[in-house]
Structure formats: structure tokens, C-alpha cells
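> I'd like to ask some things about the structure below.
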Amino acid sequence: MIMMIKSVLSMMIGFIFSLIVGVFLVPILKKKKVNQTLSIYLEERHKKKIGTPTMGGLIFIIPVIIYLILMIILGKIKINYTLILVVFTFLSYSLIGFIDDYLIIKKNNNKGLSETSKFVMQIIIAVIFFFIFMKGGNEPLIWIHTLNIKVNIGWLYGVFILLVLVASSNAVNITDGLDGLSGGLSLIAFITFSLISWNTGWLEGYSDIALFGFALSGALLGFLVFNIKPAKIFMGDTGSLALGATLGTYAILTRHELLLIVIGIVFVIETLSCVIQRFYYKLTKKRLFPMTPIHHTFEKMGWKEENIVKLFWIVGLIASMISLSFGVLL
């Protein structure tokens, strides 16, 4: 019961804080013309979004950090290496996204950091993460909890961590193309991993990262107030990279890396559609899908944006409910 009350209170605080930040931040960014630059390939239906401010990730980043500082001061959350890893990843990847968004705004086009620069920065952070993680006394194991199987993969675990962090951060970033899509899916995923975290009593600081996750979930709910159609602000790379990498961090820390694929199944499908499209085009000089990520294919088929978002949310919710059966009950 106490666990549930703490979780609900954390979500409520994150939600209220994000609403307050959003009310002040949206007009400021709009006034400063921190506007999203749209891709030239998007249809006319997206043209009306021109002028919508970006860097909306600050609406859930700022409140969560304020929440964390307050809880530490009040002694409700303790600083430990597990929490440090979560916060380090969250802020580091948000910084990469912030730089990318800033360059896009400054150049007034859709080109921020080059793919190489962004990838190198993500790798550097992933390497630092790996060393902190191993210094915490963790073993390089792949766990299959349902079958109670542990596989020691040695130094390859470093490559595995790099893959999880970089892939998850870019997957959320790729999915962030429709109003409320990425934010809603991330909300579902973080609630799921927060519940899983409560069940990892063997992990130092498990309750602290669970509360952080619930606070972030509440902040994401507040962000959606400003981001659902018609969006008053976009998440930007500032938010999407931070969310994706932090989801990967929760998966690594709770030893549910493989379950991340199920919880984030929509992110996976969106990313795979882009990868398949690219390889198919190189081989045949033709497009397999009308447009990627896959949510744009649904638009080409005549689906309304809000209906696509609802469908993808439902898929994400069902996948998360299935995952909880394996991550918590089994």
C-alpha cells in the first residue's frame, strides 16, 4: 500500500510540476521563435504545424529534476549509483538532443548535428555508462527471467549496453513524428518499467529509480496536455533522445533488456521500417513503404493523425501489459 501511495504521489507531483513549467515555457519558446522545422517530404496536412515551438522535452525534464532535488533534500530518495546512472543518462542524452535542436533552430533548416557527430556522442556516453555500471559490481550477464537463465557474455556485454542505449534513444526519436505519439508511448513504457523496478528488491536503489520513473511518467502526462493534437509544442530531440536512452537504462539496470523489445514494440517497428526501407531502396532503387517511419505510411493510406496515435498507443499498452506478466509476475 505504501509503495502504491508513493508511486501515485510521485506521478501527481511530476504532473503538476510539468503543467506549471509548460504554462510558462510554451509562450516563451513561441515568443523566442524556437520553432520546429518540418521535413520537405511531409504532406500538406503537416504544413499547418509550421511555427510550432520545439524543445518541449524541457516540460518533463525540468520538473523531474526539481522533483528529484526536493525528494533528496527531504530524505525521501537516496543518492546511490543506480539513481546516478539513470540521471546521468537522462541528462546526458537530453543535452545531445538540446544541441541538435539548437543547431536546427539556428540554421533554420532540418539539419542539426550530423548523424556521425550524434552517434559518436551517444557512444561516448554509453561507454561511460558501462564503466560506472561495472564499477557497481555488476556482472556481464544476459538474464532470461522467465526461464531463470543467466548467460555471461564477458566483454561483449559492453557492446550490448552500447547497442541498447543508442538503439532505444534513436527509436524514440524516430517515432516522434505525430502529435502525442512518442510522448504517450513513453508514458506507458515508463509506468511499466517503474512497476518492474519495484519488483527488483535485489537492486540497490530500486525504490529510488521506481519513484523517479513514476515522477517522469507524471511529467510526461503533463507534457501531453500541450503535445496532443493540435500540439502547442513538440518534444524535439531534447526530449526524445533522453526518454529513449533512459528506457534503455531501466532495462539494463533491472536486467530486462530483452523485455524492452516487447515493451517498446512500437518503437521497434517504427525503427525497423526505416532500416528495411533504406536497405530495400539501396538494393532495388524502389520504396517498399510509401513513407517511413511507418506512421507516415498510415497517413498516406488516408488515416487521420489522431487515429494512428490511438492505434499505436493501444498496441504499446497491450505489449506493456503482456510484459508485466513476464517482468513482475513470472
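> From (1) surrounded by 20 or more Cβ atoms within 10 Å (Cβ to Cβ); (2) part of a helix (DSSP H, G or I), pick out the condition that doesn't hold for F279.
Evaluating F279 over (1) surrounded by 20 or more Cβ atoms within 10 Å (Cβ to Cβ); (2) part of a helix (DSSP H, G or I) leaves (1) as the failure.
> Would you tally the residues in the stretch 105-136 being in contact (Cβ under 8 Å) with a residue 12 or more places away in the chain, of a type in the set (S, T, N, Q) and farther than 27 Å from Y157 by Cα?
The qualifying residues number 3.
Matching residues to (1) closer than 30 Å to G201 by Cβ; (2) touching a helix residue (DSSP H, G or I) at 6+ places or on another chain (Cβ under 6 Å):
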{"site": "I265", "(1), (2)": "yes, yes"}
{"site": "R278", "(1), (2)": "no, no"}
{"site": "F289", "(1), (2)": "no, yes"}
{"site": "T292", "(1), (2)": "no, yes"}
{"site": "M301", "(1), (2)": "no, no"}
{"site": "E305", "(1), (2)": "no, no"}
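> Right, another one. With the requirement that a residue be surrounded by 14 or more Cβ atoms within 10 Å (Cβ to Cβ) and part of a loop (DSSP other than H, G, I, E, B), what does the stretch 137-171 give you?
Within the stretch 137-171, N138, P140 meet the criteria.
> Given the conditions (1) at pLDDT below 95; (2) more than 30 Å from G136 (Cα to Cα), report the number of the one that V266 does not fulfil.
(1)
> If I go through the stretch 215-225 residue by residue, how many of them are farther than 26 Å from I77 by Cα and surrounded by 24 or more Cβ atoms within 10 Å (Cβ to Cβ)?
0
> Now a separate question. Evaluate the following for T89: is it surrounded by 14 or more Cβ atoms within 10 Å (Cβ to Cβ) and under 16 Å from the mean Cα position of the chain (by Cα)?
Answer is yes for this residue.
> Then there's this: From the list G264, G302, exactly one residue is in contact (Cβ under 8 Å) with a residue 60 or more places away in the chain and either in contact with a Leu (Cβ under 9 Å, 6 or more places away or on another chain) or surrounded by fewer than 22 Cβ atoms within 10 Å (Cβ to Cβ) (or both). Which is it?
Exactly one of G264, G302 is in contact (Cβ under 8 Å) with a residue 60 or more places away in the chain and either in contact with a Leu (Cβ under 9 Å, 6 or more places away or on another chain) or surrounded by fewer than 22 Cβ atoms within 10 Å (Cβ to Cβ) (or both), namely G264.
Yes/no per residue for (1) under 23 Å from I20 (Cβ atoms); (2) in a helix (DSSP H, G or I):
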{"position": "L178", "(1), (2)": "no, no"}
{"position": "G184", "(1), (2)": "yes, yes"}
{"position": "I196", "(1), (2)": "no, yes"}
{"position": "L203", "(1), (2)": "no, no"}
{"position": "L211", "(1), (2)": "yes, yes"}
{"position": "A219", "(1), (2)": "yes, yes"}
{"position": "L224", "(1), (2)": "yes, yes"}
{"position": "A231", "(1), (2)": "yes, no"}
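> Given T292, T249, T271, T297, which one is at pLDDT below 95 and in a helix (DSSP H, G or I)? Outline the logic, then answer.
Working: T292 fails: in a helix (DSSP H, G or I); T249 fails: at pLDDT below 95; T271 fails: at pLDDT below 95.
Answer to the selection: T297.
> Considering only the stretch 180-214, how many residues are of a type in the set (D, E, K, R) and either surrounded by 22 or more Cβ atoms within 10 Å (Cβ to Cβ) or modelled with pLDDT of 95 or more (or both)?
So the count comes out to 1.
> Any residue at all in the stretch 68-76 that is closer than 19 Å to S186 by Cβ, modelled with pLDDT of 90 or more and either outside any helix (DSSP H, G or I) or of a type outside the set (D, E, K, R) (or both)? Spell out how you get there, then give the answer.
The first filter runs over the stretch 68-76 and keeps only residues closer than 19 Å to S186 by Cβ, leaving 68.
Imposing the further condition that a residue be modelled with pLDDT of 90 or more reduces the set to 68.
Now restrict to residues that are either outside any helix (DSSP H, G or I) or of a type outside the set (D, E, K, R) (or both): 68.
Yes, there is a match, as at least one residue in the stretch 68-76 is closer than 19 Å to S186 by Cβ, modelled with pLDDT of 90 or more and either outside any helix (DSSP H, G or I) or of a type outside the set (D, E, K, R) (or both).
The values are calculated or read from the model by the stated rules, or taken from the named source; none is laboratory data. Since the model is a prediction, treat every value here as computed from it, not as a measurement. Because the Cβ atoms are built from the backbone with ideal geometry, glycine has one as well, and the counts that use them run over all protein chains shown.
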